[in-house]
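Below is one structure, written out as structure tokens; comments come after it.
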Amino acid sequence: MAFFLRKIKDLTSKIDKSRLPVHIGIIMDGNGRWAQKRGMMRIYGHKAGVKTVREIVKACSELGIKYLTLYAFSTENWKRPLEEVNFLMDLLVEYLSKEVNELNKNNVKINFIGDISFLPKKCKVEIDRAQNITKENDGLVLNIALNYGGRDEIVKAVKKICHKVVNKELSIDAITEQIVSENLYTQNQPDPDLIIRTSGEKRLSNFLLWQSAYSELWFTDVLWPDFNKKHLIEAILYYQTRKRRFGGI
């Protein structure tokens, strides 16, 4: 443990605090495989993954990251076995009820993106409670993506914009990239500078499709329950080696 802590300290000292990513998005992948490798049911992998969420949120807050978006449940995840889906909903309720006071104490603001209307009532109750308790905080903004899909988000934004055009609140010629961004779930937030995906998969899987146009991507074979602060710092250090030209020279 002492060696690990020294390693973390050494890595942290290499971070250029003036070039931190403002917004980090994470595709938390590999919970099921983590459990199956240990001869356990997939649900135990999700439970182990919650511990990683706790550690990474704390680490981002300590490092000075302003926004963290975690891909918790996608619009496609409803296709999973009903038992697993129900467990994930219960796990969400348990996480929020247990963690919200600690997050609030650490000045974390909890925000949810996605179509929350489809979630069970017990989830909506805890979501409203968590957002109300932390709404005045001005530290790390923790976006939890629930029933979220990038394509669905864009479709919903298009419908909002069309509604404004039909009602003559907006002209077609006035529609810009900025207008689209203002109608997404992440309105008033900067696009992610860095997107991390665990478990070895190398795709975005419908995560922040519009917002990630110029994000730096960092992939690791580490399964989400094994991901820790050391890996997070490695991703940030990788980000700081990149020259972000945004289409320029």
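Taken together, the values in this text are just the output of simple stated rules run on the coordinates, not laboratory data. Just so we're clear, the structure is a prediction, and the values are computed from it rather than from any experiment. Neighbour counts are summed over all protein chains in view; Cβ atoms, including those assigned to glycine, are modelled from backbone coordinates with ideal geometry.
Brief remarks on what is shown
- When each of 132, 167 is tested for being more than 24 Å from residue 214 (Cα to Cα), more than 22 Å from the chain's Cα centre (by Cα) and of a type outside the set (D, E, K, R), the lone residue that passes is 167.
- Among the candidates 144, 179, 133, the residue that is farther than 24 Å from residue 54 by Cα and β-branched (Val, Ile, Thr) is uniquely 179.
- Cβ pairs under 8 Å, 6+ apart, first in region 82-101 and within 13 Å of residue 48 (Cα to Cα) and touching a residue at least 12 places away in the same chain (Cβ under 8 Å), second assigned to a helix (DSSP H, G or I) and of a type in the set (S, T, N, Q): 88/77
- The condition of being in a loop (DSSP other than H, G, I, E, B) and either of a type in the set (D, E, K, R) or touching a helix residue (DSSP H, G or I) at 6+ places or on another chain (Cβ under 8 Å) (or both) holds for residue 107.
- Residue match in region 224-243 (condition: among the basic types (Lys, Arg) and farther than 30 Å from residue 42 by Cβ): yes
- Taken together, 43, 65, 8, 15 contain a single residue that is surrounded by fewer than 21 Cβ atoms within 10 Å (Cβ to Cβ), in contact (Cβ under 8 Å) with a residue 40 or more places away in the chain, part of a loop (DSSP other than H, G, I, E, B) and of a type in the set (A, V, I, L, M), which is 15.
- Within region 175-226, the set of residues being surrounded by 12 or more Cβ atoms within 10 Å (Cβ to Cβ) and without any contact (Cβ under 8 Å) to a residue 12 or more places away in the chain comprises 182 only.
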